[in-house]
Every structure is written in structure tokens, then in C-alpha cells.
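The values are calculated or read from the model by the stated rules, or taken from the named source; none is laboratory data. Quantities reported herein were computed from a predicted structural model and do not represent experimental measurements. Glycine gets a Cβ as well: all are built from the backbone with ideal geometry, and neighbour counts include every protein chain shown.
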């Protein structure tokens with residue numbers, strides 16, 4: 001759904017064409033950026049994942065940039081690995097929301113906190 005483009009000094013994350021199918025099925029009234037924000041916000045435990053990216057949607061397309069340490073002038077393999085892991089989490093969140101919308105399978109995790117307080 002989301003893809004990564006690695007450049008010398010930045011990593012951009014864009015949307016593949018099929019994201020339109022997912023976005024229009026899950027939240028047809030939203031643009032790509034709002035769609036991604038909403039899906040991530042609804043994902044238990046990953047609500048803050050977008051803090052790792054700067055969103056920059058232009059021309060009705062979706063784009064975000066991975067926030068790496070500004071002291072690093074070049075992108076390293078560690079940056080690529082970290083960004084890839086985060087994008088995989090977002091892609092899985094989109095997939096889960098799509099399954100919930102299409103098949104009505106609830107993929108959310110119910111948490112019962114049974115600890116004594």
C-alpha cells in the first residue's frame with residue numbers, strides 16, 4: 001500500500017495506486033493524508049507512529065518523509081530499516097481496517113486488565 005523511496009539525504013513514503021481502493025472502501029469521504037491519520041489513530045498502541053514522519057501531501061497525492069536525525073546528512077541502512085518497520089505497521093493497520101470494512105471481521109484486540117489496583 002505504502003512504498004518507500006530512499007534518496008541520499010531523505011526517505012520519502014508514497015502511496016501505491018491500490019491505496020485508492022482501500023481508502024474509498026474504508027473512509028470514502030477522506031483524502032489520503034486524513035485517511036492515513038485516521039487509520040493510524042485507530043490502531044491500538046500505534047497512535048503516535050506518525051510522529052516519525054512529516055506529512056506533505058501535494059497535488060492530491062500522498063507523501064510523507066521519514067524524520068531521521070538532522071545531524072545525519074546521509075541516509076543509513078539503520079534509517080531504512082527503522083522506516084521500513086514503521087511503514088509495515090501502517091500497511092498492516094490499513095489492511096486490518098479494510099478487512100473490518102469489507103468482511104466485517106473485527107481484528108481489534110480486546111484488553112481486559114485484571115490486575116489488582
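For region 36-61, enumerate the residues that are within 11 Å of residue 90 (Cβ to Cβ) and either over 11 Å from the mean Cα position of the chain (by Cα) or at pLDDT below 85 (or both). If the condition is that a residue be within 11 Å of residue 90 (Cβ to Cβ) and either over 11 Å from the mean Cα position of the chain (by Cα) or at pLDDT below 85 (or both), then 43, 46 are the ones that fit. So which residues in region 67-92 are at pLDDT 85 or above and more than 16 Å from residue 53 (Cα to Cα)? Once the filter is applied, which keeps residues that are at pLDDT 85 or above and more than 16 Å from residue 53 (Cα to Cα), region 67-92 yields 74, 76, 77, 92. Checking each residue in region 4-35 for being surrounded by 13 or more Cβ atoms within 10 Å (Cβ to Cβ), more than 13 Å from the chain's Cα centre (by Cα) and closer than 17 Å to residue 67 by Cα picks out 6, 10, 11. Among the residues of region 92-114, are any touching a strand residue (DSSP E or B) at 6+ places or on another chain (Cβ under 6 Å), crowded, with 16+ Cβ neighbours inside 10 Å and touching a residue at least 40 places away in the same chain (Cβ under 8 Å)? For region 92-114, residues touching a strand residue (DSSP E or B) at 6+ places or on another chain (Cβ under 6 Å), crowded, with 16+ Cβ neighbours inside 10 Å and touching a residue at least 40 places away in the same chain (Cβ under 8 Å): absent.
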